[in-house]
Amino acid sequence: MNVVYNANNKCNQLKILEKDKEIQKQEFDLNRSNLIRNFLCIFCIALLGGLYLFYRFLKSNKEKNILLEKENIRIHDEIQILTSSLSTQGFTKIDLGAFKLTERQLEIIDLLRQGKTNKEIANTIFISENTVKYHLKVIYDIMNIENRSEFFKLINK
């Protein structure tokens, strides 16, 4: 009788241990799912923060580009006004034939007198902006001047 009673007792103890293990497994799974959920929430918040910063960065760059474009247009318009006023004031033109310039260089000088930027000159005569810069450097060397403002002073004497 004792053996049968102990077997029932052991069986009940085993069932209790199995229930305890099942409860521990459920608690572990619950803790793990809470940890994963918390990690995903933190990750999503960090991702949203990163996206917000990226959006602000793009927005500020767009605003800076708009301001730069407006400033470039303002400067271009100012150059146009200055060059047109200089040509209407009747300044004598310098004789460019004395400098032995090529046709391309003379073409660039004419566009420069019109107040065009290097980029506009390049687009007008279908060359790169760097080629325009190179031609201007050669022109400045031939005319023994340093920069565009000296060029305008020289041609408007």
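The values are calculated or read from the model by the stated rules, or taken from the named source; none is laboratory data. This is a predicted model, so every value here is computed, not measured. Every residue, glycine as well, gets a Cβ built from its backbone with ideal geometry; the counts of neighbours run over all protein chains shown. Keep in mind that these areas ignore ligands, DNA and RNA; they rest on the heavy atoms of the full protein, side chains included. Shrake-Rupley method; radii C 1.70, N 1.55, O 1.52, S 1.80 Å.
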Exercise for review: Kindly indicate the residue of the stretch 1-15 that is part of a helix (DSSP H, G or I) and open to solvent by 100 Å² or more (accessible area, probe 1.4 Å) and also modelled with the highest pLDDT among those meeting that condition.
Suggested key: 15
Exercise for review: Identify the residue in the stretch 118-157 that is open to solvent by 50 Å² or more (accessible area, probe 1.4 Å) and not in a helix (DSSP H, G or I) and, among all such residues, is modelled with the lowest pLDDT.
Suggested key: 157
**Study point:** Residue in the stretch 83-106 that is open to solvent by 100 Å² or more (accessible area, probe 1.4 Å), closer than 30 Å to residue 122 by Cα, part of a helix (DSSP H, G or I) and at pLDDT below 90 present
**Key:** yes
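Say we look at the stretch 107-116 and pick out the residues that are among the charged types (D, E, K, R) and in a helix (DSSP H, G or I); which of these is surrounded by the fewest Cβ atoms within 10 Å (Cβ to Cβ)?
Taking the stretch 107-116 as the starting set, the residues that turn out to be among the charged types (D, E, K, R) are 107, 110, 113, 116.
From what's left, in a helix (DSSP H, G or I): 107, 110, 113.
On the way: 107: 15, 110: 12, 113: 16.
For the stretch 107-116, the residue satisfying everything is 110.
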Revision key, fill the gap. Going through the stretch 59-70 in order, the residues found to be aliphatic (A, V, I, L, M) and open to solvent by 90 Å² or more (accessible area, probe 1.4 Å) are 67, 68
